[in-house]
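Accompanying notes for the structure given below.
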Amino acid sequence: MKRLYVFIIVFVVLILIAGAGVYWYAFLRSHQDMLKTKPAYEVSSTQLINEFSADEQAAYEKYAGKVIEVTGNVVDIRTGAVQTAVILEDRLSGISVFLDSIYVADNPEKIKILDTEKDITIRGQCDGMLTDIVISRAVIIQ
């Protein structure tokens with residue numbers, strides 16, 4: 001009977017440790033600082049769009065999950081309660097860049113001076129293509 005209690009206590013402790021590890025990994029670990037991260041690729045927005053249009057699977061394998069730096073023309077800026085999105089090249093099938101919320105909160109002056117019909121360089125994580133190419137956790141480089 002004593003062995004059963006020891007087994008149960010050890011089992012519960014292991015479950016608690018595993019749960020704490022999952023909680024830390026999901027909620028408390030620090031995120032990659034995009035301003036300090038070296039991009040895997042530096043491309044123009046038209047080049048990125050052309051690569052995804054020509055062969056979406058090959059472009060997905062090349063860019064998805066990687067930090068990239070994209071330079072392109074701003075056509076729209078969408079500021080919401082939760083996130084700010086910058087659309088490059090084309091409103092319907094261009095590149096949707098979702099700015100990192102911490103970056104937006106820390107740099108309101110950079111967000112205020114964003115203007116359409118101007119070129120911008122951003123760095124963020126490429127998430128692939130839905131109807132447009134999606135870049136998340138982005139920061140403004142220039």
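Summary table below
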item	result
Every pair of residues 6+ apart whose Cβ atoms lie under 6 Å, when the first sits in segment 35-52 and is over 18 Å from V139 (Cβ atoms) and open to solvent by 50 Å² or more (accessible area, probe 1.4 Å) while the second is part of a loop (DSSP other than H, G, I, E, B) and of a type in the set (V, I, T)	none
Single residue of segment 100-131 satisfying the filter (in contact with an Asp or Glu (Cβ under 8 Å, 6 or more places away or on another chain) and either open to solvent by 70 Å² or more (accessible area, probe 1.4 Å) or of a type outside the set (A, V, I, L, M) (or both)) that is farthest from I68 (Cα to Cα)	T116
Helices (runs of 4 or more DSSP H) fully within segment 54-142 counting 2 or more residues that are basic (K, R)	108-112
Scope segment 82-99; condition modelled with pLDDT under 90 and open to solvent by 40 Å² or more (accessible area, probe 1.4 Å); matching residues	V82, Q83, E89, D90, R91, L92, S93
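The values are calculated or read from the model by the stated rules, or taken from the named source; none is laboratory data. From a predicted model like this one, the values you see are computed outputs, not experimental measurements. Cβ coordinates were reconstructed from backbone atoms using ideal geometry, including for glycine residues, and neighbour counts include every protein chain displayed. Remember, those area values only see protein heavy atoms, side chains included, never the ligands or the DNA or RNA. Shrake-Rupley method; radii C 1.70, N 1.55, O 1.52, S 1.80 Å.
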